[in-house]
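Remarks on the structure that follows.
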2 protein chains.
Amino acid sequence: MARNVEFNEAEAIQKAMRVFWEKGYHGASLRDLTTAMQINSSSLYNTIGDKEELFVRCVQHYTDLRKQDWQLRLASERPALEVLVEYIQCAVDIIIAEENSCLAIKAAFEMATSDERVRAILKADSEYGEAFLRELLRKAVAQGAIQTEESPELLADYFNSTWKGWHESYILHKDPIRIKKMAQYFIKQIGK
Amino acid sequence: MARNVEFNEAEAIQKAMRVFWEKGYHGASLRDLTTAMQINSSSLYNTIGDKEELFVRCVQHYTDLRKQDWQLRLASERPALEVLVEYIQCAVDIIIAEENSCLAIKAAFEMATSDERVRAILKADSEYGEAFLRELLRKAVAQGAIQTEESPELLADYFNSTWKGWHESYILHKDPIRIKKMAQYFIKQIGK
DNA sequence: CCTTTTCTGAAACGTTTGATTCAGAATAAA
DNA sequence: TTTATTCTGAATCAAACGTTTCAGAAAAGG
C-alpha cells in the first residue's frame, strides 16, 4: 500500500556505531550520526527512534558481534586451552590495533551508571563472555591441560575482568609490548 | 591595589570534580559546574579558564589525592606485604562504596584518546601507581614475604591494570561479593 | 578619605544541540 | 492508472550549549 524504507537499517546502525565508538554518547551529535549514516534525521526518528534508542541499538549490535565470535570459538574442536590462548592473543591484537579502544567498556563507564537499558545489555554481554571462558576452562580441565583448585566460575570472572584494564593501559601508554608481556604472564599463569 | 578573589579556588575545584566525576566531561554542562561551584561563569573564566582547563585541573586534583595516599602508605614501617594487602582491601571498599566509579578511568576512556593533556596527567598517575606497587613488591621480596621469578616491573604493571577491570564489573553487576572474591584470589596469588 | 584596580552578577552572545514539521516524492496495492 | 499510504529532505523549532560582555560592587594602597 505504500513506500518502503529506502536505507538499510543494519548498515546505518553499523555506521552510527563507529561514531559512538569514537566520540562516546554525549560527544557524538545527531548531525555527526546522521551524516555518517547518510540519512536525514526525520528518517532516523521515523524508523529507529531518538538518540538514546540509536545508542542502545549500536551497543546491542556491538555485543551481538562479540557473541558470534565466542560461539564460533566454542564450536572449535581443537584443544580448549589452545582456543583460549588464541582468544587472548586475538584480544591483545585488537587492543593494540583498535584506535578507539572498546565500545563496551567506554559505554559501561559513560552510560551504564545512568542508563539501565545500556547496563542490562552490557551485563548480559559480560555474563556471556564469562560463560564462554567458563566453558573453555571446564573443557581444558577435562582434557587435562589445566589443573586448578579454583572454581571455573571464579577464574572466568577474574580472567574476564583482567584484560579490561589492559585497554586503559594501552590508551595511556600506547605501548604494545607492555600489553604483550602482561598477556604472556597471564597465559603462563593459566598453565599452572 | 584592588579586590581579592572571593571564592576559594581549591574548594571550587573539589566541587567541580564531583560533577565531572558523576556526569563525565561532555555530560556536565557549564551550568551544572558553576551551580555546584557556587560561582558565576565570569569568575570561572577570569580565574581558572574554560571548560577543558577546569576539567584538566579536576583530573589533576583527583590524581594528587591518590598520590598523597600512596605516599602515606609507602612511609609506613609495617611489613610491605601487609601494606599491600591493606591497600587492595581499601581499593575494593572504594569500588563498592563509590557510586560514580573512578574518575581517572572514566576520564581515560572518555577524554584521554582526544585530549593530550588529560592523557599525560593520567599516564603520570598510572606510572606513579606502578612505582608505588613496585616499591612495595621490592620490599616484600627483600623481607622474604614473597618469592617470585617475575620482575617487580611486570608484576606492578600487571597488578595495577588488574583491578581497573573490577570497576567495570561492579558497574555492570553491582555485586560486592564478586569483587571481594576476586580480591581474595588476587591476594592469594601474590603470596605464591 | 579617594583612587585605582579587580572581581562579581546578570544578561546576552552566536552556535549547536536533539527533535519536529510538512510538502512533495515514491511506491505498493487496487 | 488511480488511490492510499509512507518515506524523504530541507527547513526549522525551542532549548541548551560554552563563552563573553560590561556596569557596578568591592576593597587594597595611598
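Here B:GLU99 passes the criteria (1) in a helix (DSSP H, G or I); (2) within 28 Å of A:MET111 (Cα to Cα); (3) among the charged types (D, E, K, R) except the one numbered (1). Condition first: touching a Phe, Trp or Tyr at 6+ places or on another chain (Cβ under 7 Å), in contact (Cβ under 8 Å) with a residue 24 or more places away in the chain and aliphatic (A, V, I, L, M). Can you find one or more residues in region B:49-62 that meet it? Within region B:49-62, none of the residues are touching a Phe, Trp or Tyr at 6+ places or on another chain (Cβ under 7 Å), in contact (Cβ under 8 Å) with a residue 24 or more places away in the chain and aliphatic (A, V, I, L, M). Out of B:GLU11, B:GLU99, B:GLU86, one residue alone is more than 16 Å from DNA strand D (Cβ to nearest atom) and under 23 Å from B:LEU133 (Cα atoms). It is B:GLU86. What do you reckon, is A:GLU6 among the charged types (D, E, K, R) and in a helix (DSSP H, G or I)? Spelling it out, it is not the case that A:GLU6 is among the charged types (D, E, K, R) and in a helix (DSSP H, G or I). When you scan region B:29-36, do you find a residue that is among the charged types (D, E, K, R), within 14 Å of DNA strand C (Cβ to nearest atom), away from chain A (no Cβ under 14 Å) and assigned to a helix (DSSP H, G or I), even just one? Within region B:29-36, one or more residues are among the charged types (D, E, K, R), within 14 Å of DNA strand C (Cβ to nearest atom), away from chain A (no Cβ under 14 Å) and assigned to a helix (DSSP H, G or I).
Being part of a helix (DSSP H, G or I), among the aliphatic types (A, V, I, L, M) and surrounded by fewer than 16 Cβ atoms within 10 Å (Cβ to Cβ) narrows it down to one residue among B:ILE105, B:ILE88, B:ILE94; which is it?
On the way: B:ILE105 fails: surrounded by fewer than 16 Cβ atoms within 10 Å (Cβ to Cβ); B:ILE88 fails: surrounded by fewer than 16 Cβ atoms within 10 Å (Cβ to Cβ).
Step by step, each of B:ILE105, B:ILE88, B:ILE94 is checked, and only B:ILE94 is part of a helix (DSSP H, G or I), among the aliphatic types (A, V, I, L, M) and surrounded by fewer than 16 Cβ atoms within 10 Å (Cβ to Cβ).
Just a yes or no: is a residue in region B:73-80 over 22 Å from B:PRO152 (Cβ atoms) and surrounded by fewer than 21 Cβ atoms within 10 Å (Cβ to Cβ)? Within region B:73-80, not a single residue is over 22 Å from B:PRO152 (Cβ atoms) and surrounded by fewer than 21 Cβ atoms within 10 Å (Cβ to Cβ).
Filtered by the rule that a residue be within 12 Å of the chain's Cα centre (by Cα) and closer than 12 Å to A:SER169 by Cβ, region A:92-104 gives A:ILE95, A:SER101. Considering only residues in region B:149-168 that are without any contact (Cβ under 8 Å) to a residue 12 or more places away in the chain and of a type in the set (Ser, Thr, Tyr), the one that is farthest from the other protein chains (Cβ to nearest Cβ) turns out to be B:SER151.
Number of residues in region A:37-55 that are within 12 Å of DNA strand C (Cβ to nearest atom) and assigned to a helix (DSSP H, G or I) equals 12. Residues in region B:180-192 that are buried (at least 17 other Cβ atoms within 10 Å of the Cβ) and more than 9 Å from chain A (Cβ to nearest Cβ): B:ALA183, B:ILE190.
In region A:169-179, which residues are more than 10 Å from chain B (Cβ to nearest Cβ) and either in contact (Cβ under 8 Å) with a residue 12 or more places away in the chain or closer than 17 Å to B:HIS167 by Cβ (or both)?
The answer is A:PRO176, and nothing else.
Yes or no: region B:58-71 includes at least one residue that is away from DNA strand D (no atom under 16 Å from the Cβ) and aromatic (Phe, Trp, Tyr). Taking every residue of region B:58-71 in turn, at least one turns out to be away from DNA strand D (no atom under 16 Å from the Cβ) and aromatic (Phe, Trp, Tyr). Take region B:20-41 and flag every residue that is within 18 Å of B:ALA108 (Cβ to Cβ) and either free of Cβ contacts under 8 Å to residues at least 60 places away in the same chain or more than 14 Å from DNA strand D (Cβ to nearest atom) (or both). B:TRP21, B:LYS23, B:GLY27, B:ALA28, listed by residue number.
Only the coordinates and a few stated rules stand behind these numbers; no lab work does. No experiment lies behind these values; they were computed from the predicted model shown. Positions of Cβ are backbone-derived with ideal geometry, glycine not excepted, and every protein chain shown enters the neighbour counts.
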